[in-house]
Amino acid sequence: MAKQDDVFLADEGDAWFKRNRSYLVETTSTKTDYPLALIAQYNLHPKKVLEVGCSNGWRLDAIRRRYDCTCVGIEPSEAAALAGRERFPGLDLRIGLASRLPCPPDESFDLVIVNFVLHWVDRKTLLVSLAEIDRTVADGGYLILGDFLPDWPKRNRYHHRDDVELYTYKLDYAAILQSTALYTNVARITFDHDQHALSGDVGSYERGVCQLLRKSTSEFYQL
Ligand SMILES: C[S@@+](CC[C@H](N)C(=O)[O-])C[C@H]1O[C@@H](n2cnc3c(N)ncnc32)[C@H](O)[C@@H]1O
């Protein structure tokens, strides 16, 4: 296993969950959750949903209640998964990493969500992680990908740990998938990640994106 993935599985996933658990709820106030907004706006009505890096599963539970669908979440933090299993018993929460999804070969989903996870994935396992995610998206299904959207790739030292060298990697991840012609853009929301606000003049490295992609193994080729 790659080092960075190892650290998140061992304890950094737990540390992130403990620092952020009070925010991991669906808010009815001013904050829009962009994945939930895209699902509603594009009338997806999913039947089987996977969220990779789902933390305690709060977003999945909102989807399950709204669309009465089967929801599976995968998360390296054992603390987050255990808290989620207790709080949201209708979810199937599994402990694991994007690079080795604990999903059998024949398990696929009509909607997969990966929101602000890929910038934490070790560069040695980035492509295998994308291949794993792609493996779980059904032909004709949807992928919602949220992350940073810089003008140019950017690596930053992860500031919560100085005992081990960890980085975050800002990159246009959806572009990798779209270049395969397996995915096409349906909708893209860009925003100021730090202010959590739709904003036209946000700096490149603070720009976030939430993108709805549709998968087809045949439709996006010229005939
Ligand atoms: C910034 S949080 C986002 C949580 C959630 N997706 C959301 O939108 O609220 C990133 C999550 O990804 C998880 N994570 C980190 N590395 C991962 C990996 N290699 N594979 C899967 N999940 C990972 C973390 O434990 C954490 O729960």
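The values are calculated or read from the model by the stated rules, or taken from the named source; none is laboratory data. All values reported here derive from a predicted model rather than from experimental measurement. Every residue, glycine as well, gets a Cβ built from its backbone with ideal geometry; the counts of neighbours run over all protein chains shown. With ligands, DNA and RNA removed, areas are computed over all heavy atoms of the protein, side chains included. Shrake-Rupley method; radii C 1.70, N 1.55, O 1.52, S 1.80 Å.
Worth a mention:
- Extension gain for residue 10 to residue 107 (0.36 nm times residue separation, less C-alpha to C-alpha distance): 32.3 nm.
- DSSP bridge orientation in the chain - percent antiparallel, rounded to nearest 5: 55
- Lysine pairs meeting the criterion (Cα under 25 Å, 8 or more apart or interchain), as found in the chain: 14
- For the pair residue 205 and residue 85, the difference between a 0.36 nm per residue extended length and the Cα-Cα distance amounts to 39.7 nm.
- Where only C-alpha atoms are counted, convex hull volume of the chain per residue in Å³: 132
- nm² value of the averaged projected area, convex hull over the Cα atoms of segment 152-223: 6.7
- Within a Gaussian network of the chain (alpha carbon springs, distance under 10 Å), most fluctuating of 153, 35, 105: 105
- Spacing of the two label points (7 Å from each Cα toward its C-beta) at residue 123 and residue 161, in nm: 1.7
- Computed over protein heavy atoms with a 1.4 Å probe, the carbon and sulfur contribution to the accessible area of the chain reaches 50%.
- Segment 15-122 shape via C-alpha gyration tensor axes, a/c threshold 1.5: rounded
- Largest GNM mean-square fluctuation across 119, 160, 196, computed for the chain with C-alpha springs under 10 Å, falls on 160.
- Added length on full extension, which subtracts the Cα-Cα distance from 0.36 nm per residue, residue 221 to residue 20: 68.1 nm
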